[in-house]
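A.B. asks: Take this structure, written in structure tokens, and hold onto it; I'll ask about it next.
The values are calculated or read from the model by the stated rules, or taken from the named source; none is laboratory data. Quick caveat: nothing in here was measured; it's all calculated off a predicted structure. Using ideal geometry, Cβ is built from the backbone for each residue, glycine included, and neighbour counts are taken over all protein chains shown. Keep in mind that these areas ignore ligands, DNA and RNA; they rest on the heavy atoms of the full protein, side chains included. Shrake-Rupley method; radii C 1.70, N 1.55, O 1.52, S 1.80 Å.
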Amino acid sequence: MEKKDIRAYTYEQLQEEMKGIGEKAFRGKQIYEWLHVRLADSFDEMTNLSKALREKLEAQYVILPVEPAARQESKLDGTNKFLFRLWDGNMVESVLMRYKHGNSVCISSQVGCRMGCRFCASTIGGLERNLSPSEMLGQIYQIQKMIGERVSNVVIMGTGEPLDNYENFLTFIRLLTDEHGLHISQRNITVSTCGIVPRMYDLAKEKLQITLALSLHGSTQEKRKQLMPVANKYDLREVLEACDNYFHETGRRITFEYSMVHGVNDTEEDARELTVLLKHRNCHLNLIPVNPIKERDFERPDRKNALNFKNKLEKSGINVTIRREMGSDIDGACGQLRRSYQG
Ligand code: SAH
């Protein structure tokens, strides 16, 4: 019999599950607390359960391991990058950023990625597999344990396309925000997508208060297609409609991410077109000077050009920032995460 992933049950489901194996429902509550508040990695730690019950759990369930394998710290800004080993030997990376307002963790949602964005290291080698909800949680839990401080913000912007792993992603959000667990505020969570339109509509229906970030990267359908293969499937107009719908359903302002690639999407004309696209939208624009990866020769605009670009948009009343680059000396910045550390 295959063991069941016990960290993927919701609070209610776990109580039902315990009844199903002949235990009292409140055992489910106790186990939930061990898993999601005390962040236990093994049944042995659950000392308020009898040895017999712990053995029974051990025989039928598994707490999927997310085992710390390496850690690097940026000398520039104190950002930490973690490498974790999963049950099947696959590896994923996560990043911890320390801000004045709290600790923010960027997690991976898949091993690899099949979206193929031209400037991103995470997609080189394609998709290996989806992460389970419990493996997504595990990244945050391990980091919280290692630093001995609370994680208050979570961004799903590491390796993988979260909406390409939709059901697991949604379960993960439910568990992460559950008041019986880590209870992270929905408003402190941001999910970034390259624009899987049908799933954006599904997510809007959930009426969560999480922030949706859309990887735009081009102000026309043609430009976007050059950088993002997914644009062949969903065109820019459809993607923007899905963004408008998300805002309409949830009241949450969309964040548009725009990785600036020198000579490709950072010209004056790009700024003009981008203005037209965003001027009448209640949104936030986050410019990300592209982070270099060794397989591609994309270059970032120099600081002055990036500021000019930003100023142009700002003048039209668009709410725009340049993303503070963090952890670039440890390949921990956007688009630099991989399945293993490069030596
Ligand atoms: N799959 C999701 C989340 C992953 S990446 C998505 O596509 O949104 C988070 C952000 O970093 C995305 O906007 C992504 O396009 C961007 N990004 C990827 N590679 C980058 C690079 N080399 N430099 C700057 N940003 C990059």
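A.B. asks: What list of ³J(HN,Hα) values in whole Hz, one per residue of segment 319-328 in order, does the Karplus curve 6.51 cos²θ - 1.76 cosθ + 1.60 (θ = phi - 60°) give from phi, with Gly and Pro shown as x?
C.D. replies: 3J(HN,Hα) across segment 319-328, in whole Hz: 7, 9, 9, 9, 4, 5, 6, 10, x, 6.
A.B. asks: Can you list residues from other chains, or at least 5 along the same chain, whose modelled amide H is less than 5 Å from the amide H of HIS284?
C.D. replies: Under 5 Å from the amide H of HIS284: ILE254, THR255, PHE256.
A.B. asks: What range in the chain is the longest one free of chymotrypsin sites (Phe, Trp or Tyr not before Pro) that are in a loop by DSSP and have at most 14 other Cβ atoms within 10 angstrom?
C.D. replies: The answer is 88-340.
A.B. asks: Which entries in the list LYS205/LYS233; LYS75/LYS294; LYS225/LYS279; LYS24/LYS205 go over 24 Å, if you measure between the two C-alpha atoms of each?
C.D. replies: Check vs 24 Å cut-off fails for LYS24/LYS205.
A.B. asks: Using a probe of 1.4 angstrom, how much of the accessible area of the chain is carbon and sulfur, in percent?
C.D. replies: That share works out to 47 percent.
A.B. asks: Here is a follow-up. Among DSSP beta bridges whose residues both lie in segment 1-101, state the antiparallel percentage, nearest 5.
C.D. replies: Looking only at bridges with both residues in segment 1-101, the antiparallel portion is about 85 percent.
A.B. asks: Given a cut-off of under 8 Å on Cα pairs at least six residues apart, what relative contact order in percent is computed for segment 103-236?
C.D. replies: So the answer I get is 25 percent.
A.B. asks: Set the Förster radius R0 to 30 Å, insert the Cβ-Cβ distance between GLU295 and MET146 as r into 1/(1 + (r/R0)^6), and round the FRET efficiency to 0.05.
C.D. replies: For R0 = 30 Å, the calculated efficiency reads 0.45.
A.B. asks: Under a plain spin-label model, where a point goes 7 Å from the Cα along Cα-to-Cβ, how far apart in nm are ASP5 and LYS19?
C.D. replies: 2.5
A.B. asks: In addition: Sequence gap at least 6, Cα distance under 8 Å: using those rules, report the relative contact order of the chain to the nearest whole percent.
C.D. replies: Over the chain, the number comes to 16 percent.
A.B. asks: Only bridges whose two residues both fall in the chain count here: according to DSSP, what percent of them are antiparallel, nearest 5?
C.D. replies: Among the beta bridges of the chain, antiparallel pairing accounts for roughly 45 percent.
A.B. asks: For LEU76 and HIS248, compute 0.36 nm times the residue count separating them, minus their Cα-Cα distance, and round to one decimal in nm.
C.D. replies: 58.0 nm
A.B. asks: On to the next question. In nanometres, what is the gap between the two model label sites at ALA69 and LYS205, each 7 Å from Cα along Cα-to-Cβ?
C.D. replies: The two pseudo-label positions are separated by 3.7 nm.
A.B. asks: Here is a further query. So what's the projected area for segment 67-330, the Cα convex hull averaged over all directions, in nm²?
C.D. replies: Projected over every direction and averaged, the Cα hull of segment 67-330 covers 13.5 nm².
A.B. asks: Could you state the accessible area per residue of the chain in Å², with a 1.4 Å probe and every protein chain left in place?
C.D. replies: 44
A.B. asks: Further question: In deg cm²/dmol and to the nearest 500, what is the mean residue ellipticity at 222 nm of the chain if only DSSP H runs of at least 4 residues count, each as -39500 (n - 2.57), divided by the residue total?
C.D. replies: Roughly -10500 deg cm²/dmol at 222 nm, from the helical runs in the chain.
A.B. asks: If amide hydrogens are placed 1.01 Å from N in the peptide plane, which non-local residues have theirs closer than 5 Å to the one on ILE322?
C.D. replies: LEU287
A.B. asks: Need one value: the accessible area of HIS248 in square angstrom, 1.4 angstrom probe, rounded to the nearest 10.
C.D. replies: Using a 1.4 Å probe on the heavy atoms, I get roughly 150 Å².
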